[in-house]
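Take a look at the structure below.
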Amino acid sequence: MPGSPSSSPAPSPATGAAGCPKHMEYGPCGGVEFSGRCEVADHACSFLSLAPVRWRGALPADPAGHVAPPPAASLMRERLATGGVVIADFPARALDAESLSACARALSGSVDAVLAGDSGTARVQFPPAYRARLLSDAGVDAWMGVNARDRNRVALEGEAAALAHAGAAGVHCVTGDHTGIGSRPDAAPVFDLDSTRLAAMMASRGHLVSVAEAPLSPPVESRPARLLEKQRAGAEVCFVNHAGGPEPVRAFIERAQNLGVTMGFIPCVPVIVDRGSAELIRGFTSLALPDGYLYGILEARNVRAQGVAAASRLALEFLTIPGVVGVDLSGGPGAGKELEFAEAEAEIGAAVTAALRS
């Protein structure tokens, strides 16, 4: 009878580990502090003493039926297979289409795609699919960050369809920082899914799915095994959080590959071109920079030139590691320096690409 309740009960959301403020089932998140403390609550992360949870199967099927992968995603898969892909964290001001277009134009032709998520200082953003469309119109491929903090699974299913329609080159699935952190503590957290279940949803809709892993976040010994479960859920690429330089990244990748991880890896390259960008990157959770990296840039006579050169060298070192298919120019600008930061990223991207071709 139309309008009557369904005779079968709706599935109840997974409750996750007891005490996890994000209700994660496949934790821990990347926000665990070096001490093991939860990023939000005043206690240790609920997953510290738990073995990685095995992937147990897919989410409900796409209600619209099978959707072909966006052409941009197919092209990005081909680029990743070749290697040497350069992604740039996107620095535009939130809710500012003019800033978005200007930064996209600055980066167009110098990087393979831009990674656009959110930040603690600007939780309110244009929806991912709308930004993907604006970025594509401005001449860059969009690798869109999607979090489970702000929307339940129904809204995320709509976002998955919209991202396919908008032509996203990739979808970066994260659980998301808690609303208690950042610019909107007044907002209610959702966390109907976590990054692993979100990755499964997006992969089932044909998207090229990436996830993040933080090699230095406790429990360090479980991080490679957790990544394997994300791969089983459908993830194809892992963005490796700042881990201190090439050797720690190499070691993490080897440990993951020894467990059966076959996905491509994209290490984060810290981009520091002024004191504002240095302050922003210092705020990243579980951050480790190569020895002397920050000091060598900030003490240089020309900070911007030194920052561009240092990031270019480090990116090329990362690209020699087996399993690395690209690099992510990671970081962000100080207030009002968005376009200047994009121009610096473009210079780094062009230098890395030229070196790979020489």
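The values are calculated or read from the model by the stated rules, or taken from the named source; none is laboratory data. What you are looking at is a predicted structure, and each value in this text was computed from that prediction instead of being measured. Neighbour counts run over all protein chains shown; Cβ positions are idealised from the backbone, glycine included.
Taking the stretch 80-115, which residues are under 17 Å from Leu316 (Cα atoms) and in a helix (DSSP H, G or I)? Can you show your working first?
So in the stretch 80-115, the residues under 17 Å from Leu316 (Cα atoms) come out as 80, 82-88, 110-112.
Leu80, Thr82, listed by residue number.
When you scan the stretch 247-268, do you find a residue that is of a type in the set (Val, Ile, Thr), free of Cβ contacts under 8 Å to residues at least 60 places away in the same chain and part of a helix (DSSP H, G or I), even just one? Write out each step before concluding.
Our first condition is that a residue be of a type in the set (Val, Ile, Thr); within the stretch 247-268, this holds for 249, 253, 261-262, 266.
Imposing the further condition that a residue be free of Cβ contacts under 8 Å to residues at least 60 places away in the same chain reduces the set to 261-262.
From the residues that got through so far, the ones that are part of a helix (DSSP H, G or I) too are none.
Scanning the stretch 247-268 turns up no residue that is of a type in the set (Val, Ile, Thr), free of Cβ contacts under 8 Å to residues at least 60 places away in the same chain and part of a helix (DSSP H, G or I).
Would a scan of the stretch 218-235 turn up a residue that is over 24 Å from Leu319 (Cα atoms) and of a type in the set (Asp, Glu)?
Yes, there is a match, as at least one residue in the stretch 218-235 is over 24 Å from Leu319 (Cα atoms) and of a type in the set (Asp, Glu).
Out of (1) closer than 22 Å to Ala256 by Cβ; (2) buried (at least 19 other Cβ atoms within 10 Å of the Cβ), what's the single condition that is false for Ala288?
For Ala288, the failing item is (2).
Look at Val124 and say whether it is out of contact with any Ser or Thr (no Cβ under 6 Å at 6 or more places or on another chain) and either within 28 Å of Met263 (Cβ to Cβ) or buried (at least 21 other Cβ atoms within 10 Å of the Cβ) (or both).
No; evaluated as a whole, the condition is false for this residue.
Please go through the stretch 135-156 and pick out each residue that is out of contact with any Cys (no Cβ under 7 Å at 6 or more places or on another chain), closer than 22 Å to Met76 by Cα and either buried (at least 19 other Cβ atoms within 10 Å of the Cβ) or β-branched (Val, Ile, Thr) (or both).
Leu135, Ala138, Val140, Asp141, Ala142, Trp143, Met144, Gly145, Asn147
State all residues of the stretch 164-206 that are polar (S, T, N, Q) and touching a residue at least 60 places away in the same chain (Cβ under 8 Å); if no residue qualifies, say none. Give the derivation first.
Filtering the stretch 164-206 down to residues polar (S, T, N, Q) leaves 175, 179, 183, 195-196, 204.
Thr175, Ser183, Ser195, Thr196, Ser204 - these are the residues of the stretch 164-206 that are polar (S, T, N, Q) and touching a residue at least 60 places away in the same chain (Cβ under 8 Å).
Name the residue, out of Arg250, Arg232, Arg255, Arg275, that is among the basic types (Lys, Arg), surrounded by fewer than 18 Cβ atoms within 10 Å (Cβ to Cβ) and out of contact with any helix residue (DSSP H, G or I) (no Cβ under 8 Å at 6 or more places or on another chain). Step through it out loud before you land on a result.
Numbers: Arg250 fails: surrounded by fewer than 18 Cβ atoms within 10 Å (Cβ to Cβ); Arg255 fails: out of contact with any helix residue (DSSP H, G or I) (no Cβ under 8 Å at 6 or more places or on another chain); Arg275 fails: out of contact with any helix residue (DSSP H, G or I) (no Cβ under 8 Å at 6 or more places or on another chain).
Among Arg250, Arg232, Arg255, Arg275, only Arg232 is among the basic types (Lys, Arg), surrounded by fewer than 18 Cβ atoms within 10 Å (Cβ to Cβ) and out of contact with any helix residue (DSSP H, G or I) (no Cβ under 8 Å at 6 or more places or on another chain).
So which residues in the stretch 72-87 are more than 18 Å from Leu356 (Cβ to Cβ) and either in contact with a strand residue (DSSP E or B) (Cβ under 6 Å, 6 or more places away or on another chain) or of a type outside the set (S, T, N, Q) (or both), if there are any at all?
Of the stretch 72-87, the ones more than 18 Å from Leu356 (Cβ to Cβ) are 72-75, 77.
If the condition is that a residue be more than 18 Å from Leu356 (Cβ to Cβ) and either in contact with a strand residue (DSSP E or B) (Cβ under 6 Å, 6 or more places away or on another chain) or of a type outside the set (S, T, N, Q) (or both), then Ala72, Ala73, Leu75, Arg77 are the ones that fit.
Filter the stretch 116-141 for residues that are under 24 Å from Val325 (Cβ atoms), in a loop (DSSP other than H, G, I, E, B) and of a type in the set (A, V, I, L, M, F, W, C) and give the result.
Val140 - this is the single residue of the stretch 116-141 that is under 24 Å from Val325 (Cβ atoms), in a loop (DSSP other than H, G, I, E, B) and of a type in the set (A, V, I, L, M, F, W, C).
What residue, of Val154, Val171, Val220, Val190, is closer than 25 Å to Gly245 by Cβ and of a type in the set (Val, Ile, Thr)? Before the answer, list the steps.
Numbers: Val154 fails: closer than 25 Å to Gly245 by Cβ; Val171 fails: closer than 25 Å to Gly245 by Cβ; Val190 fails: closer than 25 Å to Gly245 by Cβ.
Just one listed residue meets the conditions, Val220.
Name the single residue that is surrounded by the fewest Cβ atoms within 10 Å (Cβ to Cβ) among those in the stretch 181-226 being aliphatic (A, V, I, L, M) and touching a strand residue (DSSP E or B) at 6+ places or on another chain (Cβ under 6 Å).
So the first thing to find is which residues in the stretch 181-226 are aliphatic (A, V, I, L, M), and the list is 181, 187-188, 190, 193, 198-203, 208-209, 211-212, 214, 216, 220, 225.
Narrowing further to those that are touching a strand residue (DSSP E or B) at 6+ places or on another chain (Cβ under 6 Å): 198-199, 202-203, 208-209, 211-212.
Details: Leu198: 31, Ala199: 30, Met202: 30, Ala203: 19, Leu208: 24, Val209: 28, Val211: 27, Ala212: 24.
Selected residue: Ala203.
Does Ala161 satisfy the criteria of being in contact with a Lys or Arg (Cβ under 8 Å, 6 or more places away or on another chain), at negative phi and surrounded by fewer than 19 Cβ atoms within 10 Å (Cβ to Cβ)? Can you show your working first?
Values: in contact with a Lys or Arg (Cβ under 8 Å, 6 or more places away or on another chain): yes; at negative phi: yes; surrounded by fewer than 19 Cβ atoms within 10 Å (Cβ to Cβ): yes.
Yes; evaluated as a whole, the condition is true for this residue.
Only one residue in Leu107, Leu80, Leu100 is surrounded by 16 or more Cβ atoms within 10 Å (Cβ to Cβ), over 18 Å from the mean Cα position of the chain (by Cα) and within 23 Å of Val325 (Cβ to Cβ), so which one is that?
So the residue among Leu107, Leu80, Leu100 that is surrounded by 16 or more Cβ atoms within 10 Å (Cβ to Cβ), over 18 Å from the mean Cα position of the chain (by Cα) and within 23 Å of Val325 (Cβ to Cβ) is Leu107.
Being touching a Phe, Trp or Tyr at 6+ places or on another chain (Cβ under 8 Å), at pLDDT 95 or above, of a type in the set (Val, Ile, Thr) and within 23 Å of Cys238 (Cβ to Cβ): is that true of Val114 here?
Working: touching a Phe, Trp or Tyr at 6+ places or on another chain (Cβ under 8 Å): yes; at pLDDT 95 or above: yes; of a type in the set (Val, Ile, Thr): yes; within 23 Å of Cys238 (Cβ to Cβ): yes.
Answer is yes for this residue.
For the stretch 291-333, how many residues are buried (at least 17 other Cβ atoms within 10 Å of the Cβ), more than 20 Å from Ser110 (Cβ to Cβ) and of a type in the set (Phe, Trp, Tyr)?
The qualifying residues number 1.
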